[in-house]
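Okay, structure first, notes after.
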Amino acid sequence: MKQNNNEQIVFEMFEEVATESIAEARNAYTYEEIDGCYMEAKEIADKARMNLQEKMNNNNLK
């Protein structure tokens, strides 16, 4: 009986570790995806800013 309890405890510990590892892996993927979206948005904003500055400079030259 005691061996069954020990086996159950060990099983539950492995299950908890596996669950945490899966959650961490999902979070890492999610953060990587978010980071990719952030970088893409930053590139778009930088290009828009450069275009706006060029237009403003061209208008100032006229």
Original post:
Which one is right for this structure if Rg and Dmax of the Cα atoms in Å is calculated from it: (1) 26.7, 91; (2) 19.5, 67; (3) 11.7, 38?
Top reply: (1)
Subject >> Total charge dipole magnitude, the chain, about the Cα centre, Cβ charges on Lys, Arg, Asp, Glu only, Debye to nearest 20 >> reply: 700
Original post:
Taking Cα atoms, how many degrees apart are the long axis of helix 2-61 and the longest axis of the chain, rounded to 10 and kept between 0 and 90?
Top reply: 0
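Rule-based calculations on the coordinates, nothing more; no lab input. For clarity, every value in this text was computed on a predicted model and none was experimentally measured. Don't worry about glycine lacking a Cβ; one is built from the backbone with ideal geometry, like all the others, and counts go over all protein chains shown.
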